[in-house]
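Undergrad: If you scroll down you'll find the structure; I have some questions about it.
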Amino acid sequence: MKRKSFLMLVILSLALLLVISDYPSSGVTHVYGEGTTETGIAKAYVVELSRWGIHNDGTDAADTTKGINDALEWASKNGYGTFKLPSGTYLIDKDGSIGMVSNMQFVLPPDAVLQKETNGKENYEIMSIAYGVHDVTLIGGTYRGDKDTHDYSKKDAPSSYGTHEFGFGIHTAGAENLTIDGIKALNFTGDGLILDGYGKGLKGVNAGDFVAGSIDELGRVTANGKKIRTAASFKLNDPLLQKDPHFELSNAIGLPSQFEIYFYKANGGFLKKVSTKVRDSITIPDGAASCYLVFNTSLASAKGAHIEYWYRKQTSNVVVKNSEFAYNRRQGITVGGANNVTITGSTFHDIKGTAPQSGIDVEGGYAVNGFLNSNINIVNNEFYNNAAYDIVLFDGRNARVENNHLASSGKIGLAVSKPFSGAKAVRNHFDGTGLIAEKDGVFIDNTMNDGSAHFTGSTIAINGMELSDSLLLINTNTKFGVKGSDIKLVNHSKSQSGLRILGQPVLLQNTSIEGEPTLRAFTGTSAEGSIFEGFKVTGYNTNFSLDLPPGTYTNCEFQGSEKGQFGALNVSQPGKYVFQGCTFHSNAISAVSMTANNPKTNLVIKDSTFELAGNTQALNIQAVKRVWLENNTVHAMHMTSAKTELIKLNNNGAQSRPSAILSATFIGNRINANIKTIGISTIYAGIGAPPYLLENNSLINAALLTKPNDIRSNNILK
């Protein structure tokens, strides 16, 4: 046993000597020293500063930057999977950056800072994760820009923008498999992090490169005066295509967006036809060596035509977590050409200086020869004090924004722009911030206080939303472009909150508005055809009427507060109003529950109830195309005046003016009053008023006061 223990000791000592000989400056140390250690299965190199000429006292930017890069390359070549810098401040050269390598963790302790040297450049970065780099993890530390000392007066080139918005902390360009965990990215002239794509133009095709004709299903050239094809083939031998067999056709001018592409083998044999469109990613079939394009247009129509072959690579498979992005001029994070990105558990604040000024901006410029963004997840993050936006989904496809606290007061918490499709926002809290959706999206169980939500898109679903002292504005240009359910608005007399509906008809189910805003709780001027099911407006400010948009209201309820003296529901817009199974409550001092005053209004009320408090009219009609009341109940059990006309057509004195009430029908209604009063009055309808039909109505303590030409049949008066 003693001999075996001795041999083991010798073996361990020899191993130690071998390691020490490889690191003459420091030897083997623990994880916080310099040298090497093991972290799981990834062998870690703790950087020996003196060996590489690296300074951690914020000096010697050129030597420090070169030293870090040299050490990274050495660690990569020698099999290390983790690269650790000790505590301190590392000044990064104004003319350079750290070039990250593949298969490496880059670890900084919490008190380590990578500080960009003060400069006057429009473009710079601290960390570059370039095309071809993959499987990278950045852990800890602070990446800090020179925003506060930067010289904004210079330009990188005479033709450059001069905005100085491209100073980045971390910049990726087509990298793969990236994790960023527990970092801070602060004080950059541009963004803390930009997830960019990599692109290279491969060939341009102009009008002179096309000939009349097509290619048949067997790959043979055919005559066709209605189509054009490329005269020469495009060779698929670029090293980029050999490594990653994908390309796209971009920047089309004077050509249809749809086209066919024909692939051929190296020996000229036909391989495959693919139908596709501009900007779609095209997968090169196995064995393909060249291709031709065919467009469905004539040669005469293709004068000035142009299109380009491009190779593009998104940054892909990215996780950003537990990090802070703050005090940058342009963005916290720009997603500028990436796929499958998750940003979670992070904080974005105090982004201010140059547009867009947002916490996260998903914007690749796809429509202007930029990159596609796809499958973006923004989950469980905190946003505050950003100058314009918390989150922008500007262009791309498919994003999930979930459980975020969006609290940049008075700004936009989330904006979904027209070029973005497939947005889903779930259980976010808009805390004093706004929401704008200009295209399509699904919005589930979000909450908002002291903000505004504007839905103007064409395919929007709102499934559960609670708004406190906030404005909900719906303005779609497509019929039922917005469909909402289980929406609740609560007002506390703090702001001009409530619901506004403009544009084309909408569908709202189980929507309620409670309490008093400073003005109208509900108004709208949308086209007729909206559907409101289970719609309730209660406790609204009765100093202001509700201007209801035309539509069908089913199982609805309207009840004003007890304070104001007006409180009427105005149904006075052109179009058809239908109220089915609704309840209307008046307060004790309201003059009237509902008014109609437009000769193009078609008003139908069925199976509904008017609950009147005080000497209140249920309905006052001054002008309509048609009014139809059927099987309704009017309860007027708190009357003190026998002169109140519960349902009144036109006002006193209007009988001497031409009538604007073109049709009126009252069938099967029940009117109950606690004292003798007037149930239905038509005598003021006006000159030329047609006969109105009053049939099978039942009135208790309520009289019929009608014109001579009205038709009365089977009415019961008690």
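The values are calculated or read from the model by the stated rules, or taken from the named source; none is laboratory data. This structure is a prediction, so every number in the text was calculated from the model and none was measured. Methodologically, a virtual Cβ is constructed for each residue, glycine included, from the backbone with ideal geometry; neighbour enumeration extends over all protein chains shown. Remember, those area values only see protein heavy atoms, side chains included, never the ligands or the DNA or RNA. Shrake-Rupley method; radii C 1.70, N 1.55, O 1.52, S 1.80 Å.
Undergrad: Please find, within the range 232-246, the residue that is most open to solvent (accessible area, probe 1.4 Å) out of those that are in contact (Cβ under 8 Å) with a residue 60 or more places away in the chain and either small (Gly, Ala, Ser) or not in a helix (DSSP H, G or I) (or both).
TA: His246
Undergrad: Would you confirm whether or not the range 461-476 contains a residue that is over 9 Å from the mean Cα position of the chain (by Cα) and outside any strand (DSSP E or B)?
TA: Checking the range 461-476: at least one residue is over 9 Å from the mean Cα position of the chain (by Cα) and outside any strand (DSSP E or B).
Undergrad: Of the conditions (1) open to solvent by 70 Å² or more (accessible area, probe 1.4 Å); (2) under 20 Å from Ile605 (Cβ atoms), Leu717 fails just one. Which one is it?
TA: For Leu717, the failing item is (2).
Undergrad: On the basis of being modelled with pLDDT of 95 or more, open to solvent by 10 Å² or more (accessible area, probe 1.4 Å) and over 21 Å from the mean Cα position of the chain (by Cα), does Asn328 make the cut?
TA: The answer is no for Asn328.
Undergrad: Taking the residues in the range 204-231 that are open to solvent by 30 Å² or more (accessible area, probe 1.4 Å) and touching a helix residue (DSSP H, G or I) at 6+ places or on another chain (Cβ under 7 Å) as candidates, determine which candidate is nearest to Tyr143 (Cα to Cα).
TA: Keep residues of the range 204-231 that are open to solvent by 30 Å² or more (accessible area, probe 1.4 Å), which gives 204, 206-209, 211-212, 216-218, 220-227, 229, 231.
Then keep just the ones that are touching a helix residue (DSSP H, G or I) at 6+ places or on another chain (Cβ under 7 Å); that gives 207, 231.
Details: Ala207: 49, Ala231: 52 Å.
The selected residue is Ala207.
Undergrad: Within the range 61-94, track down each residue that is touching a strand residue (DSSP E or B) at 6+ places or on another chain (Cβ under 9 Å), over 21 Å from Phe188 (Cα atoms) and open to solvent by 40 Å² or more (accessible area, probe 1.4 Å).
TA: Glu73, Trp74, Ser76, Asn78, Gly79, Ser87
Undergrad: With respect to Ser641, is the statement that it is open to solvent by less than 40 Å² (accessible area, probe 1.4 Å), more than 20 Å from Thr706 (Cβ to Cβ) and in contact with a Cys (Cβ under 9 Å, 6 or more places away or on another chain) true?
TA: Here the answer is no, as Ser641 does not meet what is asked.
Undergrad: Something else: Within the group Gly58, Gly99, which residue is under 25 Å from Gly190 (Cβ atoms) and either basic (Lys, Arg) or surrounded by 15 or more Cβ atoms within 10 Å (Cβ to Cβ) (or both)? If you could, list the steps in order and put the result at the bottom.
TA: Working: Gly58 fails: either basic (Lys, Arg) or surrounded by 15 or more Cβ atoms within 10 Å (Cβ to Cβ) (or both).
That would be Gly99, the only listed residue that is under 25 Å from Gly190 (Cβ atoms) and either basic (Lys, Arg) or surrounded by 15 or more Cβ atoms within 10 Å (Cβ to Cβ) (or both).
Undergrad: What are the residues in the range 585-601 that are open to solvent by 30 Å² or more (accessible area, probe 1.4 Å) and under 19 Å from Thr554 (Cβ atoms), if any?
TA: Across the range 585-601, the qualifying residue is only His585.
So that you can scan it fast, the table gives a plain yes or no per residue for (1) under 23 Å from His585 (Cα atoms); (2) surrounded by fewer than 19 Cβ atoms within 10 Å (Cβ to Cβ); (3) not small (Gly, Ala, Ser):
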residue	(1), (2), (3)
Leu619	yes, no, yes
Val627	yes, no, yes
Gln655	no, yes, yes
Ala703	yes, yes, no
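Undergrad: If you don't mind, another one. Across the range 670-684, which residue is nearest to the chain's Cα centre (by Cα) among those that are farther than 17 Å from Asn631 by Cα and of a type in the set (Val, Ile, Thr)?
TA: Checking each candidate, the answer is Thr682.
Undergrad: May I ask you to list the residues in the range 484-501 that are crowded, with 19+ Cβ neighbours inside 10 Å and over 20 Å from Ser545 (Cα atoms)?
TA: Gly484, Ile487
Undergrad: Now for a separate question. In the range 262-291, how many residues are in a loop (DSSP other than H, G, I, E, B), in contact with a Pro (Cβ under 7 Å, 6 or more places away or on another chain) and within 21 Å of Lys227 (Cβ to Cβ)? Reasoning before the result, please.
TA: Within the range 262-291, the first condition is being in a loop (DSSP other than H, G, I, E, B), and the residues that meet it are 265-269, 278-281, 284-289.
Applying the additional criterion that residues be in contact with a Pro (Cβ under 7 Å, 6 or more places away or on another chain) yields 284.
Next, only the ones that are within 21 Å of Lys227 (Cβ to Cβ) stay: none.
Summing the residues that are in a loop (DSSP other than H, G, I, E, B), in contact with a Pro (Cβ under 7 Å, 6 or more places away or on another chain) and within 21 Å of Lys227 (Cβ to Cβ) in the range 262-291 gives 0.
Undergrad: Give the number of residues within the range 213-230 that are in a loop (DSSP other than H, G, I, E, B) and over 20 Å from Ile282 (Cβ atoms).
TA: Here the count works out to 8.
Undergrad: Test Val537 against the stated conditions and say whether it is closer than 22 Å to Ala613 by Cα and of a type in the set (A, V, I, L, M, F, W, C).
TA: The answer is yes for Val537.
Undergrad: If we keep just the residues of the range 685-697 that are open to solvent by 30 Å² or more (accessible area, probe 1.4 Å) and either polar (S, T, N, Q) or in a strand (DSSP E or B) (or both), which is farthest from Asn631 (Cα to Cα)? I'd like the intermediate steps shown before the answer.
TA: So in the range 685-697, the residues open to solvent by 30 Å² or more (accessible area, probe 1.4 Å) come out as 687-688, 690-691, 693, 695-696.
From what's left, either polar (S, T, N, Q) or in a strand (DSSP E or B) (or both): 687, 693, 695-696.
Details: Ile687: 29, Leu693: 14, Glu695: 11, Asn696: 9 Å.
Looking at residues that are open to solvent by 30 Å² or more (accessible area, probe 1.4 Å) and either polar (S, T, N, Q) or in a strand (DSSP E or B) (or both), I get Ile687.
Undergrad: Residues Gly145, Gly99: which one is touching a residue at least 60 places away in the same chain (Cβ under 8 Å) and at negative phi?
TA: Within the list Gly145, Gly99, the selection yields Gly145.
Undergrad: Looking at (1) farther than 23 Å from Leu138 by Cβ; (2) at pLDDT 95 or above; (3) not β-branched (Val, Ile, Thr), can you tell me which one Gly27 breaks?
TA: (2)
Undergrad: Right, next: If we scan the range 256-268, do we find a residue that is closer than 30 Å to Tyr124 by Cβ, open to solvent by less than 10 Å² (accessible area, probe 1.4 Å) and not aliphatic (A, V, I, L, M)?
TA: There is no residue in the range 256-268 that is closer than 30 Å to Tyr124 by Cβ, open to solvent by less than 10 Å² (accessible area, probe 1.4 Å) and not aliphatic (A, V, I, L, M).
Undergrad: Against the definition (modelled with pLDDT of 95 or more and polar (S, T, N, Q)), how does Asn369 come out, yes or no? Step through it out loud before you land on a result.
TA: Numbers: modelled with pLDDT of 95 or more: no; polar (S, T, N, Q): yes.
Criteria not met by Asn369.
Undergrad: Looking at the range 502-515 only, could you name the residues that are open to solvent by less than 40 Å² (accessible area, probe 1.4 Å) and in a loop (DSSP other than H, G, I, E, B)?
TA: Correct list: Pro505, Val506.
Undergrad: Moving to a separate point now. Within the set of pairs 6+ apart or on separate chains, which have a first residue in the range 204-230 that is within 16 Å of Ile261 (Cα to Cα), a second that is part of a loop (DSSP other than H, G, I, E, B) and among the basic types (Lys, Arg), and C-beta atoms under 6 Å apart?
TA: From the range 204-230, the pairs are Ser214/Lys227.
Undergrad: Applying the selection to the range 281-304, what residues are exposed (fewer than 14 other Cβ atoms within 10 Å of the Cβ), within 21 Å of Phe210 (Cβ to Cβ) and without any contact (Cβ under 8 Å) to a residue 40 or more places away in the chain?
TA: Selection gives Ala300 alone.
Undergrad: Just a yes or no: is a residue in the range 408-426 over 13 Å from the mean Cα position of the chain (by Cα), closer than 18 Å to Ile343 by Cβ and surrounded by 18 or more Cβ atoms within 10 Å (Cβ to Cβ)?
TA: yes
Undergrad: Can I ask one more? Out of everything in the range 671-683 that is open to solvent by less than 40 Å² (accessible area, probe 1.4 Å) and touching a Ser or Thr at 6+ places or on another chain (Cβ under 9 Å), what residue ends up being nearest to Ala703 (Cα to Cα)?
TA: Among those that are open to solvent by less than 40 Å² (accessible area, probe 1.4 Å) and touching a Ser or Thr at 6+ places or on another chain (Cβ under 9 Å), it is Ile678.
Undergrad: Check Ala453, Ala461 and return the single one that is free of Cβ contacts under 8 Å to residues at least 24 places away in the same chain and surrounded by 18 or more Cβ atoms within 10 Å (Cβ to Cβ).
TA: On the way: Ala461 fails: surrounded by 18 or more Cβ atoms within 10 Å (Cβ to Cβ).
The match here is Ala453.
Undergrad: Further question on the same structure: Those residues that are of a type in the set (Lys, Arg) and within 18 Å of Ile307 (Cα to Cα), I need them from the range 247-274; list them, please. It would help to see each step written out before you state the result.
TA: Of the residues in the range 247-274, the ones of a type in the set (Lys, Arg) are 265, 272-273.
Correct list: empty.
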